[in-house]
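The values are calculated or read from the model by the stated rules, or taken from the named source; none is laboratory data. It should be emphasised that the depicted structure is a prediction, and the values quoted were computed from it without experimental measurement. Note that we place each Cβ from the backbone using ideal geometry, even for glycine, and neighbour counts take in every protein chain shown. In case anyone asks, the SASA skips ligands and DNA or RNA and just uses the protein heavy atoms, side chains included. Shrake-Rupley method; radii C 1.70, N 1.55, O 1.52, S 1.80 Å.
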Amino acid sequence: QGLNPGSPPPSDLVLLDAKVRKTAEKGTAYREWLHALQRVCSKNDVPLLFDEVYTGFRMAPGGAQQYYGVNADVVVYGKTLGGGLANGVVCGPSRLMKRFDETRPLRVAYVIGTFSAAPLTLACMAEFLDWVSRPETQSEYALATARTDAWVHAVNKPL
């Protein structure tokens with residue numbers, strides 16, 4: 001949703017159609033809406049959740065949260081975090097991520113599955129997180145964004 005405010009994401013076949021070219025115009029309104037949503041969630045003690053499976057680390061090193069200037073309480077990431085390897089990651093503060101019920105200490109939510117603590121996936125995640133947290137990564141994102149914008153403009157100009 002973050003890449004296509006107010007509409008479902010397009011297929012890869014229509015990335016340069018007229019609707020997508022107008023997405024930048026919606027960005028400011030979408031940013032304002034997200035900030036308003038964050039204020040309503042905070043005021044009512046409702047956690048703000050971001051699904052960054054698609055947008056995570058694509059829009060900015062800090063994902064859609066950084067791009068739009070909104071800090072979610074819980075964020076979900078996918079394959080981008082693991083360098084393309086299948087995974088799912090849920091991040092949030094300890095008050096929301098507890099794996100047990102304090103009133104019933106024996107009630108524990110187990111985390112099991114095919115990719116739980118898989119060494120190859122964890123190594124890829126660690127390498128990616130090391131790279132994305134380096135200061136020079138911001139300039140790499142800026143360069144990639146500028147090149148992409150220039151290419152999109154060049155392709156769309158004749159249209």
Rolling a 1.4 angstrom probe over the protein chains, ignoring ligands and nucleic acids, what is the accessible area of H35 in square angstrom, nearest 10?
50
Projected label distance in nm at A109 and L159, using a 7 Å step from Cα toward the beta-carbon:
4.2
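Mind listing which chymotrypsin sites (Phe, Trp or Tyr not before Pro) in the stretch 62-159 are in a DSSP loop and have 10 or fewer other Cβ atoms within 10 Å? Please report the intermediate quantities before stating the final value.
Numbers: sites: Y67, Y68, Y77, F100, Y110, F115, F128, W131, Y141, W151; in loops: Y110, F115.
Sites meeting the loop and neighbour criteria: Y110.
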Hey, if you drop one equal point scatterer on each alpha-carbon of the stretch 34-159 and run the Debye formula without solvent, what base-10 log of I(q)/I(0) do you get at q = 0.09 Å⁻¹?
-0.37
Taking the simple approach of a point 7 Å from Cα along Cα-to-Cβ for both D101 and S116, what is their distance in nm?
1.9
Please work out the FRET efficiency for the pair T28 and E127, using the Cβ-Cβ distance as r and a Förster radius of 41 Å; give the result to the nearest 0.05.
0.70
